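Colleague: Mind looking over this structure? Questions follow.
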Amino acid sequence: MPEEMLKVLVADDQPEIREVFEASILAEGHLAVLAKNGREAVDIARRLPPDVVFLDVKMPVLDGFGVLEELQKVSPQANIVMMSAAPEVETITTAIKKGAFTFLLKPFDMSVIRSILNEVLQQKADVFLRIAPDKQL
């Protein structure tokens, strides 16, 4: 299958986290769009529906769970990855129950990000094959 570029939204209030994500996502050949708070993330998703969202739980203006709820309405196809440096078991459980694709504990190795992006690419390929099984990849 030819490599497809994913649209990846990173919403985190820490500039250094956004910068590391941006560099890694671009190095993988994908489009990185950055948001510094939850409201900005939702506004971006309305204009440029993302394939993947890396979403910090604790952010100003609108927290991660508020963003998760809004993204499910404005960008239901997005795979939302919640993340936090100090999560409680209840936070992780709630994120998954509310529809998050997965949950990351900060700090994490960027190989985890690559794995998530590859998994989303594979899911998109699987959907394409179910829709158009006679198409050549």
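The values are calculated or read from the model by the stated rules, or taken from the named source; none is laboratory data. Fair warning: this is a prediction, and the values are worked out from it, not measured in the lab. In this analysis, Cβ positions are derived from the backbone assuming ideal geometry, glycine residues included, and neighbour counts consider all displayed protein chains. Note: areas computed on protein heavy atoms with side chains; ligands, DNA, RNA excluded. Shrake-Rupley method; radii C 1.70, N 1.55, O 1.52, S 1.80 Å.
Colleague: Under the definition of Cα pairs under 8 Å and six or more residues apart, what whole-number percent is the relative contact order of the chain?
Modeller: Answer for the chain is 21 percent.
Colleague: Only Cα pairs under 8 Å and at least 6 apart count here; give the relative contact order of the range 60-132 as a rounded whole percent.
Modeller: Answer for the range 60-132 is 27 percent.
Colleague: Separation between the residue 97 and residue 43 pseudo-spin-labels, each 7 Å from Cα along Cα→Cβ, expressed in nm?
Modeller: Taking the simple label geometry, residue 97 and residue 43 are separated by 3.3 nm.
Colleague: A further question follows. Spelling out what I want: for every residue of the range 17-25, take phi, set θ = phi - 60°, compute 6.51 cos²θ - 1.76 cosθ + 1.60 (Karplus), and round to whole Hz; glycine and proline get x.
Modeller: Per residue, the Karplus-derived 3J(HN,Hα) values read 5, 4, 5, 5, 4, 4, 4, 5, 5 Hz.
Colleague: Something else now. Using amide H atoms built in the peptide plane, which far-off residues or other-chain residues are under 5 Å from residue 54 H to H?
Modeller: 9, 10, 11, 81
Colleague: Just to be sure I follow the rule: in the chain, considering lysines 8 or more places apart or on different chains, how many pairs have Cα atoms under 24 Å apart?
Modeller: 23
Colleague: Something else: Given a 1.4 Å probe and every protein chain left where it sits, what share in percent of the accessible area of the chain is carbon and sulfur?
Modeller: So the carbon and sulfur contribution to the accessible surface is 53 percent.
Colleague: Moving on to the next point. For 13, 51, give the ranking by accessible area with the largest first, probe 1.4 Å.
Modeller: 13, 51
Colleague: Any idea of residue 46's accessible area? Nearest 10 Å², probe 1.4 Å.
Modeller: 130 Å²
Colleague: In what order, largest first, do 92, 25 sit by accessible area if the probe radius is 1.4 Å?
Modeller: My answer, sorted largest first, is 92, 25.
Colleague: Once you have the Kirkwood Rh of the range 42-104 from its Cα pairs, apply Stokes-Einstein at 10 °C and 1.306 mPa s and quote D in µm²/s.
Modeller: 138 µm²/s
Colleague: A further question follows. For the range 11-74, what does the relative contact order come out to in percent, with C-alpha contacts under 8 Å and a separation of six or more?
Modeller: Relative contact order for the range 11-74 comes out at 36 percent.
Colleague: Specify which labelled value, from (1) 58, 35, 21; (2) 47, 30, 29; (3) 51, 30, 26, agrees with Cα extents along the principal axes in Å derived from the coordinates of the model shown.
Modeller: Recomputing Cα extents along the principal axes in Å here gives the entry labelled (2).
Colleague: Probe of 1.4 angstrom, ligands and nucleic acids ignored: what's the accessible area per residue over the range 1-69, in square angstrom?
Modeller: 46 Å²
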